[in-house]
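Derivation of every value follows stated rules applied to the coordinates shown; laboratory data play no part. Everything numeric in this text was worked out from a predicted model, so none of it was measured. Here the Cβ positions follow ideal geometry from the backbone for every residue, glycine too, while neighbour counts run over all protein chains shown.
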């Protein structure tokens with residue numbers, strides 16, 4: 001029987017799809033056959049190296065002495081490689097190298113261990129960030145210590161920040177959540193991280209006890225900020241946070257997709273930040289134009305009393321400055 005890497009990949013995709021050809025919808029083999037095949041791939045598909053391969057990579061794989069290699073990720077897909085150089089167990093060296101490289105980025109390969117720091121192929125854009133960094137920031141602002149503890153145990157870097165480099169400690173200090181401030185600092189959070197505006201948690205803190213605590217742990221003030229505005233607290237959905245990250249990265253294509261799904265273009269986050277303000281801060285002129293053309297309000301001010309034009313001026317984004325000045329002149 002002759003087969004090439006495309007044929008092996010298609011066969012593997014059929015196994016990953018529980019015996020159904022994903023291209024035609026036709027059932028090729030029964031589920032019991034799939035279970036037996038994938039189990040054998042996992043336990044002995046790599047000859048004498050199967051045990052070590054399972055320990056290191058944990059993904060069903062079948063090697064051939066010709067240099068072929070087929071990997072099946074149940075419920076997701078498959079891929080195949082061909083390269084004659086073999087290791088001492090008779091397995092494709094470069095094929096294993098490909099698995100190692102992909103496993104370094106994605107946590108879907110190893111069926112026995114899910115590294116939360118890696119990306120998930122099945123998740124929507126920025127989902128890992130939303131379920132880690134953003135979850136920590138929103139929980140710090142709302143006072144949800146239990147979620148902070150869970151995320152820390154799962155390996156979250158407590159110094160990670162959002163698109164404005166706002167860390168959980170910034171948000172907890174601003175909200176006056178002393179228990180979370182203590183937990184963060186006691187578990188390795190830096191006392192003086194600087195956000196986009198140069199502010200530290202000490203700038204955000206209004207509670208005298210939090211101010212004293214941060215100072216006693218080496219906290220220093222950063223760039224002085226305007227007096228904060230009071231904005232109504234709102235619940236922000238994952239889709240809205242996706243919009244903020246799309247604005248941060250200038251990803252107009254994702255914005256278009258979110259628009260179709262029914263975005264709220266003027267929604268704001270825990271700091272009163274909108275997609276327009278974030279895009280303007282990063283100098284993404286195409287994203288700014290797209291947001292304005294779809295109803296973004298250039299007059300909205302975040303809790304620091306900054307509008308999109310002020311954001312662009314602060315970051316010296318000249319093209320965005322000129323565009324927004326023209327827009328505001330037309331509206332006068």
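With a simple spin-label model that places each label point 7 Å from the Cα along the Cα-to-Cβ direction, the separation between residue 112 and residue 179 comes to 3.9 nm. With bins 10 Å wide beginning at 0, the percent of Cα pairs of the chain falling in each bin runs 5, 21, 22, 18, 17, 13, 4, 0. For the Cα atoms of the chain, what angle does the longest principal axis make with the long axis of helix 238-249, in degrees from 0 to 90, nearest 10? Helix 238-249 sits at roughly 80 degrees to that axis.
Compute the length gained on full extension between residue 43 and residue 30: take 0.36 nm times their separation in residues and subtract their Cα-Cα distance, giving the result in nm to one decimal.
The residue 43-residue 30 span can extend by a further 2.6 nm.
For the pair the stretch 78-155 / the stretch 164-215, the C-alpha centres are spaced 29 Å from each other. Calculated [222 nm] ellipticity per residue, helices only, for the chain: -13500 deg cm²/dmol; basis is -39500 (n - 2.57) per DSSP H run with n ≥ 4, divided by all residues, nearest 500. Between 194, 284, 259, the residue with the greatest mean-square fluctuation in the GNM of the chain (Cα pairs under 10 Å linked by springs) is 259. Suppose R0 equals 45 Å; then what is the FRET efficiency for residue 264 and residue 159 from their Cβ-Cβ distance, rounded to the nearest 0.05? Plugging the Cβ-Cβ distance into 1/(1 + (r/R0)^6) gives 0.90. Spin-label model, residue 314 to residue 93: label points 7 Å out along the Cα-to-beta-carbon direction sit 5.4 nm apart.
With R₀ fixed at 25 Å, the C-beta to C-beta distance from residue 2 to residue 56 puts the FRET efficiency at about 0.20. In terms of the mean number of neighbouring beta-carbon atoms within 10 Å, the peptides 299-309, 228-238, 74-84, 271-281 order highest first as 271-281, 299-309, 74-84, 228-238. Across q = 0.09, 0.15, 0.22 Å⁻¹, the stretch 168-308 modelled as identical point scatterers on its alpha-carbon atoms has Debye log10 I(q)/I(0) values of -0.32, -0.78, -1.22, in the order of the q list.
Note on the stretch 317-332 and the stretch 291-310: Cα centroid distance 12 Å, given to the nearest whole angstrom. Calculated from the alpha-carbon coordinates, the stretch 225-282 shows an Rg and a Dmax of 11.8, 37 Å respectively. Mean projected area of the convex hull spanned by the Cα atoms of the stretch 5-105, taken over all viewing directions: 6.0 nm².
Shape summary: the stretch 67-204 maps onto an equivalent ellipsoid whose semi-axes, from the alpha-carbon gyration tensor, are 41, 14, 13 Å in decreasing order.
Principal-axis analysis of the Cα atoms of the chain puts helix 93-105 at an angle of about 30° to the longest axis. The three principal axes of the Cα atoms in the stretch 134-178 give end-to-end lengths of 25, 21, 13 Å, sorted in falling order. Given R0 = 30 Å, the distance between the Cβ atoms of residue 23 and residue 65 translates into a calculated FRET efficiency of 0.55. Of all DSSP bridge pairs formed entirely within the chain, close to 90 percent run antiparallel. Between the helical axis of 318-331 and the dominant principal axis of the chain, each derived from Cα atoms, what acute angle in degrees is found, rounded to the nearest 10? Compared with the principal axis, the helix lies near 60 degrees. Measuring how big the stretch 238-331 is from its alpha-carbon positions, Rg and Dmax come out at 11.9, 34 Å. With all pairs of separate Cα atoms included, the stretch 127-216 yields a Kirkwood hydrodynamic radius of 12.5 Å. Given in Å, the Rg to one decimal and the Dmax to the nearest whole number for the Cα atoms of the stretch 278-331 are 9.9, 26.
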